[in-house]
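Here, each number is a calculation from the coordinates, and none is a lab measurement. Keep in mind that what you see is a predicted model, and the values were worked out from it rather than measured. Cβ atoms come from the backbone with ideal geometry, glycine included; neighbour counts cover every protein chain shown.
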Amino acid sequence: MPTIKELTRTGDLFTSGHRACAGCGGTIILRLLMANAGKNTVVGAATGCMEVVSTIYPYTSWDVNFVHNAFENSAATVSGIETAYRALKKKGKIKKDIKFIAYGGDGGTFDIGLQSLSGAVERGHNMLYLCYNNGAYMNTGIQRSSATPFGAHTTTSPAGSKIKGKMQQRKDLTEIMIAHDMKYVAQATPHNWSDLSNKINKALALNGPAFINVLSPCPLGWGSDPAQSIQIAKLAVETLYWPVYEYENGKYKINIKPKKPKDIEEFLFVQNRFKHLKNEKELIDKIRKHLNEKWNELLNKEKCTN
Amino acid sequence: MSIKIVAKTGNEAMAEAMRQINPDVVAAYPITPATEIVQLFSNYVSDGKVDTEFIAVESEHSAMSACVGAATTGARVMTSTSSQGIALMHEILYIASGLRLPIMICGVNRALSAPISIHCDHSDTMGSRDAGWIQILSEDAQEAYDLTIFAMKAAEKVLLPAMVTSDGFIISHAMSRLDMYEDKKVQDYLGEKKPAYTSLDVDNPITIGPLVVQDYFMEIKRGQIQAIIDAKKQLPILLEEFNKTMNKNYKVIEEYNMEDAEYAIVALGSTAGTAKYITDKLRQEGKKVGVVKPLVFRPFYGEDLVKMLENLKGIAILDRSDPQSAMGGPLFTEITSAFYGHEKQPAARNYIYGLGGRDISYDDIKDIFKDIAEYFEKGKKEEAVKYITIRE
């Protein structure tokens with residue numbers, strides 16, 4: 001496990017000069033991803049914020065081989081690259097050991113790319129799929145996705161006088177990926193760089209597919225202070241909004257267990273996307289209840305599998 | 001050169017061509033009537049008859065996506081599909097050509113839904129005619145076999161993807177004679193693929209598929225268009241090379257009984273074969289009729305077609321798909337457009353036929369020749385687009 005000092009010396013494989021917003025969680029995640037993955041890596045991206053901000057022709061932030069195909073197919077695309085690598089290696093045309101990473105936002109992963117991801121994982125390609133999950137289609141201007149949390153205002157689940165934002169709970173994609181009988185599945189946030197680094201390294205060391213779902217604060221879409229992105233990611237964990245855990249060879253492990261969880265309101269009301277819920281006690285209770293249930297479920301799973 | 005004479009269906013012929021090409025990667029998904037190609041190829045993989053890594057993807061969209069990914073490495077990449085499968089790939093077809101990746105589709109033409117039908121028409125690949133792919137339609141199993149081998153090489157030469165198709169069931173499932181080359185002959189013809197760049201060279205990283213905005217998009221697109229314009233010049237030369245190597249006589253546009261013809265049918269795929277047979281019969285009756293068959297539909301050889309057709313009295317242009325309220329079928333609108341402003345204007349009529357696998361008989365072809373002669377003689381008074389092989 002590298003120290004933060006060592007990580008800063010791995011070279012800027014995801015370099016500065018990209019056009020992401022101030023306080024963007026996605027670019028922090030990608031920088032950490034590449035610092036851990038190293039040079040001998042091929043990255044495939046789904047269309048989305050992290051793709052458009054990092055590859056505005058004729059510039060690129062990627063100092064590794066990078067392939068963008070379309071929105072819904074980064075897993076299928078990388079499955080093709082990884083397969084060609086095996087074919088060419090078998091013939092002696094490639095000598096080096098290369099790692100493969102596919103990434104996408106929650107729209108490209110939870111929604112339009114779910115089939116492509118599920119197929120690639122079932123086929124057992126040697127790749128890490130990383131989802132930077134900011135809980136909406138931020139690139140197109142903050143539309144709801146199936147990762148958008150209950151109650152959040154987005155431009156297609158607007159908080160109105162009758163309907164108070166998104167009225168459905170978010171999809172639990174991490175559990176869906178665990179149901180694929182994968183060897184390694186994890187949730188993480190950029191606030192705990194060492195936990196995320198550890199998970200990236202575990203995933204890349206595998207011979208097979210791995211999935212990491214990383215909460216990615218988005219000041220623009222969340223209506224939050226860009227300076228507070230990492231703090232908000234931390235609050236997400238402390239309020240049980242985003243459990244940091246991993247599923248490894250059939251066993252659950254919760255990596256961060258808040259001794260005394262903070263109330264969810266501390267997370268909700270540093271973001272404008274929830275501000276309309278301030279006087280909606282019932283709706284906040286619903287969020288709180290759901291998160292508690294999911295947390296207790298997770299504790300039980302950890303207990304049962306260990 | 002040693003030739004093996006065998007009896008094969010169109011699908012078997014294409015699968016054999018794929019085996020002999022021995023691509024690095026095949027990513028494919030089953031769909032009638034192309035399924036058999038994928039099945040046969042899977043057997044070759046399981047029996048170690050090819051070195052190919054086969055990806056049994058979960059959809060045609062992922063098939064083409066995986067092909068694009070695989071092709072960025074410089075690997076030789078193929079797939080096979082039909083109908084809805086082509087439609088589902090549609091989005092990624094443009095990306096394959098836009099990224100200049102020489103991927104090859106062994107396609108089988110089948111009607112697009114609705115209503116759902118598993119039988120032949122050309123609506124599937126015609127729906128993708130603007131996707132920047134080389135499109136070749138074969139008349140029989142032999143052509144499906146030959147042109148698959150040819151198109152793989154041509155695609156890699158001009159750095160554009162190519163689809164070769166056969167008519168669903170009519171060719172794909174009909175047994176006929178096939179002259180096969182030795183495996184080595186095909187390998188020698190293709191040669192080793194040497195890509196200019198690859199996504200696997202970690203010491204020289206590249207970014208493929210970046211975002212391009214107003215400042216560069218049009219220049220890049222124009223470059224891609226130039227590639228297919230250049231391919232139009234290259235394909236006849238490459239076809240000549242194929243002919244010499246394999247002792248064949250293919251042309252991008254085939255002319256049959258055209259020397260002194262007054263009327264001609266222009267048709268794609270298997271129907272051209274039926275029409276050729278009928279012109280032989282009609283020639284015996286003294287009728288001056290011939291057939292023109294565009295083997296290559298994209299790039300479109302409009303100027304060549306004008307030269308071949310300009311001295312006729314009438315041209316019967318057959319389309320096995322209908323673009324729904326355009327000025328006729330795709331072949332008709334392309335040819336009449338090529339004739340616009342041209343000094344000589346033969347009477348041209350469009351016959352939309354055979355949708356969803358509706359049979360086109362010898363008598364239908366004879367009727368077309370009768371009709372086009374009347375159309376010319378009566379001074380083109382009726383509607384230009386006529387629907388045939390239909391109860392109306």
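The table below lists the values:
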item: Top of B:Tyr29, B:Tyr250, B:Tyr340 by mean-square fluctuation, Gaussian network on chain B, Cα under 10 Å; result: B:Tyr340
item: Relative exposure of A:Cys304, A:Cys21, B:Cys106, A:Cys131, judged by other C-beta atoms within 10 Å (fewest first); result: A:Cys304, A:Cys21, A:Cys131, B:Cys106
item: Distance between the stretch B:139-176 and the stretch A:217-240 - C-alpha centres, whole angstrom; result: 56
item: Computed label-point distance, nm, for sites B:Val213 and A:Lys95 using a 7 Å Cα→Cβ extension; result: 4.3
item: Two-site FRET efficiency, A:Ile163 against A:Glu293, from Cβ-Cβ distance with R₀ of 22 Å, rounded to 0.05; result: 0.40
item: Kirkwood hydrodynamic radius over Cα pairs of the stretch A:4-305, then Stokes diffusion coefficient at 4 °C and 1.567 mPa s, in µm²/s; result: 66
item: Extension gain (nm, one decimal) between A:Glu265 and A:Met1, 0.36 nm per residue minus Cα-Cα; result: 91.6 nm
item: Selected from B:Ser97, B:Tyr387, B:Leu190, residue furthest toward positive end of dipole (chain B; charges at beta carbon); result: B:Tyr387
item: Contour minus Cα-Cα distance for B:Lys370 and B:Lys221 (0.36 nm per residue); result: 49.1 nm
item: Average beta carbon contacts from partner chains per residue of A:54-62, 10 Å cutoff; result: 5
item: DSSP-defined beta bridges in the protein assembly as shown - what % are antiparallel, rounded to 5; result: 25
item: Angle between chain A longest axis and helix A:25-37 axis [Cα atoms, degrees, rounded to 10]; result: 30
item: Candidates A:Tyr59, A:Tyr132, A:Tyr85: whichever shows maximal mean-square fluctuation once chain A is modelled as a Gaussian network with Cα springs under 10 Å; result: A:Tyr59
item: Degrees between helix A:114-123 axis and first principal axis of chain A (Cα, 0 to 90, nearest 10); result: 40
item: Modelled FRET efficiency - R0 51 Å, B:Glu182 with A:Arg19, Cβ distances, 0.05 increments; result: 0.35
item: Span from the the stretch B:259-326 Cα centroid across to the the stretch B:1-66 one, whole angstrom; result: 32
item: Span from the the stretch B:178-242 Cα centroid across to the the stretch A:1-62 one, whole angstrom; result: 30
item: In the stretch A:175-263, trypsin sites (Lys or Arg not before Pro) in a DSSP loop with at most 13 other beta-carbon atoms within 10 Å; result: A:Lys259
item: Span-rule helices in chain B, defined as complete DSSP H runs reaching 15 Å or more along the axis (Cα) with Kyte mean at least 0.0; result: B:35-46, B:60-72, B:83-98, B:141-158
item: Cα-based convex hull volume of the protein assembly as shown per residue, rounded to whole Å³; result: 181
item: The protein assembly as shown, dipole about Cα centre (Lys/Arg Cβ +1, Asp/Glu Cβ -1), debye to the nearest 20; result: 2200
item: Over the protein assembly as shown: helical MRE at 222 nm, DSSP H runs n ≥ 4 each giving -39500 (n - 2.57), nearest 500; result: -12000 deg cm²/dmol
item: Förster-model FRET efficiency, 35 Å R0, B:Lys233 and B:Ser46, C-beta, rounded to 0.05; result: 0.25
item: Cα-centred dipole magnitude for chain B, charges only on beta-carbon of K, R (+1) and D, E (-1), debye, nearest 20; result: 540
item: Angle between chain A longest axis and helix A:74-90 axis [Cα atoms, degrees, rounded to 10]; result: 20
item: Additional length obtainable on full extension of the chain from A:Lys281 to A:Glu122, 0.36 nm per residue less Cα span; result: 53.0 nm
item: Directionally averaged shadow of the stretch A:1-80, computed from the convex hull of its alpha-carbon atoms, nm²; result: 5.8
